[in-house]
Structures are given as structure tokens and as C-alpha cells.
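Let me begin by presenting the structure, written as C-alpha cells, before commenting on it.
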Amino acid sequence: MDIAIVGAGPAGARAAWVLARQGARVTIFDASHPREKPCGGGVTGRALALVADAIDATSCARTPIHRARFIRLRACGASAGQALDPIALTTGESATVDLDRGALVVASRAEFDAALLHAAQQAGAVLESARVTDVRVDADGVTLETRRGHRRADVVIGADGANSLVRRRVARPFRRDQLSIATGFFAHGVTSTEIVIAFVADPPGYIWSFPRPGHLAIGICAEATAGHSSEALRARTAEWIRATGIARGARLEPYAWPIPSLAARDANELTVSGSRWLLTGDAAGLVDPITREGIYFALASGQWAAESLLRDRFASTYASRVAAEAGRELGRAARFKAGFFRPAFINVLMRALQQSAGVRAVMADLIAGQQGYADLKWRLLKTFEIGLAWRALTSSSSRPAL
Ligand SMILES: Cc1cc2nc3c(=O)[nH]c(=O)nc-3n(C[C@H](O)[C@H](O)[C@H](O)COP(=O)(O)OP(=O)(O)OC[C@H]3O[C@@H](n4cnc5c(N)ncnc54)[C@H](O)[C@@H]3O)c2cc1C
């Protein structure tokens, strides 16, 4: 079987590695390497464990993260267009969570992705350094157009990210309400060993600072339909950078990129396969809508796609596996999201983070990708101080819709 993979990010490279090791004929199309992807670069312990058989991630440039600092800005209620009060920013509440060694590293995506691709090539996958400009599926196979001409394959794996051409050709593009926009700055010349999560109420979520080797990746994310322009969001991030002094002296390079952000009903009805195609990673919409962890899901879905192709009835095998191992969990996260970012819940959470070692342990596991959403609510409530739990459960005005 000839397998074409469009996209050599984590999803495509992982699929290529698994298939090539089993002797499949694999061509992977991507003209972008070497490149740095707009991304926080946070790679969780579970993602590192998954690829430990293929790459030595310790040889990639990466920053091991020792702790996460959570901030609730006093100006939490300000909206994206409003200027923030610097004093409020610096006097907001804060709590720190220590992370286990290996729970999270912040990687250079240029190096991490290159290592995955190199492993796939070593295993026998062929890289065609070309952008795919069209994909057509027929009864006998797939035709892929590139500027160098067309190629035929029996099956295509779409691993071409949130703007996936393969997805647009074989299924339907993401609707606007299925996407969020992440925007911010790479702050070159400064770094750290902690991640910073600063909760904001509008858009509901957080500003993050992830210390990549040699620069901080600082950003904010909003639903594409929430009415915030990319410029307003970036201006807000710039104001936060200025007020906190987190990137003093740095050269700021702006970025903006879409992230799939599926509602619960979409996560429960994922479109991932047909008779001659499979969608993986961002192209399939597999990103946690709260933590924005997508690298693990890209790697895992690349592996599931490859393993399914090595069996009979690959399309249904893959769809069932994605639903069981990712769809349900992402659906739970989507249901949880609205309540999680509500200011009343963030207030309770911040106090609990300051006072309760148990809550800090839950958040450490959430950051490391070790805490599922099925029992997050119960684990949080069990570990809250009694008064906080009582408030969370009974205060009608501040009741979090978990
Ligand atoms: C600002 C931001 C911050 C993020 N932070 C994190 C984080 O800290 N941790 C985390 O786990 N996730 C994070 N994510 C999500 C993560 O970046 C993605 O989920 C992940 O990269 C998905 O991997 P992928 O292989 O599916 O796609 P991608 O990594 O997007 O790779 C797709 C590849 O396909 C190629 N391609 C695209 N179109 C074509 C074409 N037509 N022909 C050939 N090649 C093509 C591209 O060049 C690219 O190399 C973040 C995302 C953003 C935008």
C-alpha cells in the first residue's frame, strides 16, 4: 500500500515513523522544514513518553519547567479593547505550583519536529519537500498535486494542521465557531524556568508565558466568533508584557495562528476517516480546549492512524479509537470550559491554589496532561478546603458550572 502523508508536524512525522517501521511505503509532503511553528511549545510528560521509542528528546533544545505561576489580575474584568491598569496587574493574586521533574518541557518546535521527521526518514519514509496544492480522492486511490507534478497514493493521511487542505478536500473545513485565534509575541532574548498563566475574564481564559530556549512565547487565545480582533488581543498581550516587565529588553516578534476548539457535540462526532483518507492532529480538531494541549493528541492520533492502516477496515478502526481515546475526553473538556473560566470559579480556584496542597497537585497533573476531565471536578472538590468547597457548591452567584 502506498501512503501519502500531507504535513510533517508531530502528527505526520509520528504516523510516518510507525508505518515505515512496519515496512509500508510512505511519502511525507512538507516544504516548511526547518521552521518554528507558532506554538507555546509545551510538551507534556505523556507526549515525551509516547515518542521516547523514536527520538531522544533530551537532545532537542528545550526548557525543563519546574513550576507554574498562576495570576488572577485585579483587572480581570477588563475587556480586550480596554487598557489595563499596570498597578492592578502587578498587585493581582498569585499562586505557584511545583511540577514534577519531566512533567513538562517547553521545546523548540523547530528542533522537536525536526527530530521526529528525521526519525521517520531513518525508518524509511521519504520526504518530498513540496507543498500539496490539491487532493482528489477517487474509487482507486488519491491524487496529490504539487508544483512538481502529481503523485498517486492508495491512502492519504491529512496531518496538515488547523488550516488543513486535506480536510477541506475530503470532508468540510472547520466552521468559524470551531476555531480559536491564538496571538501574541515571541520575546527574543529572555527566558525562564517557570510558565506563567494569568487568568483574564474577557475573553474567558488566560494570557500565558512559556519559556522556550532563547525566548518567551507569550500569547492569548479567544474563540474566533467571540468578536475580538487579532490586533486587539495582541495589543492586550503587549500591554500585559509592558506592565509586568516580564520581557524587559526583549525583541518582540508578533504571531497569530488558529487552534481548533471544538464544542462538546463536535468532539463527540469527529470527522476523521473515509475509505481512502484519515485526518490526524489539528486537522482532525484534536486539541484540549482548556489547556490547548495539541502536541500529545497529534502524536497519538498519528500513531493510531498508522496502526489502523496496518489492519483491516482501517477507517472504522481509526474512528473508533479516536472517539474512545480522545473524542470523549475533549468533549468533557469542552463542557467543563465555560465554568472553568468563569471569574467566580477562578476566584475560588486562586484561593484554593494558595491554600491547598491538594489543589496544587491537581493543577500540576492537569498541566502535565495526567489529569483526565472525567474525575477533575470530584478530585478538585475533594481537595478543596471545606469552606471553599462549600462556596463552590452552594453559592448561587458564584456556582461554577462544572
Ligand atoms: C499559539 C499556540 C500555542 C500552542 N501551545 C501549545 C503548547 O504549549 N502545547 C501543546 O501541546 N500544543 C500547543 N499548541 C497546539 C499545537 O501547536 C498543535 O496542536 C500541534 O502543532 C498540532 O500538530 P500537527 O502535526 O497536527 O500540525 P502542525 O504542527 O500544524 O503541522 C502541520 C504541518 O503541515 C504542513 N502543511 C500544511 N499545509 C500543507 C500542505 N498543503 N502541503 C504540505 N504540508 C503542509 C505545515 O507546514 C506543518 O509542518 C499551540 C498552538 C498555538 C497556535
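The values are calculated or read from the model by the stated rules, or taken from the named source; none is laboratory data. The structure presented is a predicted model; accordingly, all values stated were derived computationally and were not measured. Using ideal geometry, Cβ is built from the backbone for each residue, glycine included, and neighbour counts are taken over all protein chains shown. All accessible areas refer to the heavy atoms of the entire protein, side chains included, with ligands and DNA or RNA removed. Shrake-Rupley method; radii C 1.70, N 1.55, O 1.52, S 1.80 Å.
Computed values, structure above
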{"read-out": "Scan of region 334-346 for residues that are under 18 Å from residue 382 (Cα atoms) and surrounded by fewer than 19 Cβ atoms within 10 Å (Cβ to Cβ), ordered by number", "value": "339"}
{"read-out": "Extreme residue, nearest to the chain's Cα centre (by Cα), among residues of region 277-296 that are within 7 Å of the ligand (Cβ to nearest atom) and outside any loop (DSSP other than H, G, I, E, B)", "value": "295"}
{"read-out": "Residue in region 172-194 that is surrounded by 16 or more Cβ atoms within 10 Å (Cβ to Cβ), of a type in the set (Asp, Glu) and near the ligand (Cβ under 10 Å from one of its atoms) present", "value": "no"}
{"read-out": "Subset of region 259-276 [more than 30 Å from residue 143 (Cβ to Cβ) and more than 12 Å from the ligand (Cβ to nearest atom)]", "value": "263, 264, 265, 267, 268"}
{"read-out": "Matching residues, region 227-238, being open to solvent by 50 Å² or more (accessible area, probe 1.4 Å) and aliphatic (A, V, I, L, M)", "value": "235"}
{"read-out": "Condition met for residue 138 (away from the ligand (no atom under 14 Å from the Cβ) and either open to solvent by 10 Å² or more (accessible area, probe 1.4 Å) or modelled with pLDDT of 95 or more (or both))", "value": "yes"}
{"read-out": "Region 22-49: number of residues that are more than 6 Å from the ligand (Cβ to nearest atom) and not in a loop (DSSP other than H, G, I, E, B)", "value": "11"}
{"read-out": "Any chance residue 208 is assigned to a strand (DSSP E or B) and surrounded by fewer than 22 Cβ atoms within 10 Å (Cβ to Cβ)", "value": "no"}
{"read-out": "Filter result for residue 306 (free of Cβ contacts under 8 Å to residues at least 12 places away in the same chain and either under 22 Å from residue 13 (Cα atoms) or part of a helix (DSSP H, G or I) (or both))", "value": "no"}
{"read-out": "Test for residue 301: is it over 19 Å from the mean Cα position of the chain (by Cα) and within 19 Å of residue 158 (Cα to Cα)", "value": "no"}
{"read-out": "Enumeration of residues in region 136-170 that are more than 24 Å from residue 300 (Cα to Cα) and either within 26 Å of the chain's Cα centre (by Cα) or among the polar types (S, T, N, Q) (or both)", "value": "143, 146"}
